[in-house]
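Each remark here refers to the structure printed beneath this line.
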Amino acid sequence: MFRFTEADGLRSSDGSTDAHVERLERLAADILALRDGRLPMSEALAGAPFLEGWIEAATPMPCLVGRVTGHPRLVGAGRPIATSDLWVDARELGWIRTLSRFYRLGRPREPIRGVFG
């Protein structure tokens, strides 16, 4: 995830914004090639790491959960949602960018108080 502040601009959590952008550009180029029917060349696969004994798994990605209004696909006002993966966090400026789109941010939810607090 990238953090964006008015004072510092865009910075990734580890300061390697350019490397992250280049990685995403390579991913996008590979997906576009596959879409266009171009499979990976045998040389590219020959140099790829070999994964054995694998199973499918999922990793958690940051997102925001809230009530959305004006979403292009999720019709309604105040509809509860979880956003797609959070990529740019500019909540100090009132917006975020997820994998899918920009969101304008309203007030955050009040913290939930537990039985003991």
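The values are calculated or read from the model by the stated rules, or taken from the named source; none is laboratory data. Here the structure is a predicted model, which is why all the values come from computation and not from measurement. Here the Cβ is made from the backbone with ideal geometry for all residues, glycine too, and neighbour counts use every protein chain on show. All accessible areas refer to the heavy atoms of the entire protein, side chains included, with ligands and DNA or RNA removed. Shrake-Rupley method; radii C 1.70, N 1.55, O 1.52, S 1.80 Å.
Would you work out what percent of the accessible area of the chain, with all protein chains in place, is carbon or sulfur (probe 1.4 Å)?
Looking at the chain in its full context, I get 57 percent from C and S.
What full-extension length gain, to one decimal in nm, is calculated for Ala46 and Arg104 as 0.36 nm per residue of separation minus the Cα-Cα distance?
Roughly 16.4 nm would be gained on extension.
Please give, to one decimal in nm, the separation of the simple spin-label points placed at Ile112 and Arg3, each 7 Å out from Cα toward the Cβ.
2.6
Determine the gain in length on full extension of the stretch Leu39-Ala58; use 0.36 nm per residue of separation and subtract their C-alpha separation, reporting nm with one decimal.
Between Leu39 and Ala58, full extension yields 4.3 nm more.
Set Lys and Arg Cβ to +1 and Asp and Glu Cβ to -1, take the dipole of the chain about its Cα centre, and tell me which of Leu99, Ile31, Ser42 lies farthest positive.
Leu99
Pop the C-beta distance of Leu10 and Ile31 into the FRET formula with R0 = 25 Å and round what comes out to the nearest 0.05.
In this case the efficiency is close to 0.60.
Using a basic spin-label model with each label point 7 Å from the Cα along Cα→Cβ, how many nm lie between Ala77 and Leu93?
2.9
What 222 nm value per residue comes from the helices of the chain, counting each DSSP H run with n ≥ 4 as -39,500 (n - 2.57) and dividing by all residues, nearest 500 deg cm²/dmol?
That comes out to -6500 deg cm²/dmol.
By how many degrees, 0 to 90 and rounded to 10, does the Cα axis of helix 17-35 deviate from the longest principal axis of the chain?
Rounded to the nearest ten degrees, it is 60.
Karplus couplings for segment 68-76 from phi (6.51 cos²θ - 1.76 cosθ + 1.60, θ = phi - 60°), rounded to Hz, Gly and Pro as x?
Values per residue, Gly and Pro as x: 10, 9, x, 6, x, 10, 9, 6, x Hz.
Search the structure for amide H atoms under 5 Å from the amide H of Trp87, placed 1.01 Å from N in the peptide plane, and list their residues when 5 or more places away or on another chain.
Arg97, Thr98, Leu99
Per residue, how much accessible area does segment 21-117 show when a 1.4 Å probe rolls over the protein heavy atoms, in square angstrom?
Spelled out: the 1.4 Å probe surface of segment 21-117, per residue, equals 91 Å².
For P(r) over Cα pairs in 10 Å bins from 0, in percent, pick the label among (1) 14, 47, 32, 6, 0; (2) 13, 44, 33, 10, 1; (3) 10, 28, 30, 21, 9, 2, 0 that corresponds to the value derived from the coordinates.
(3)
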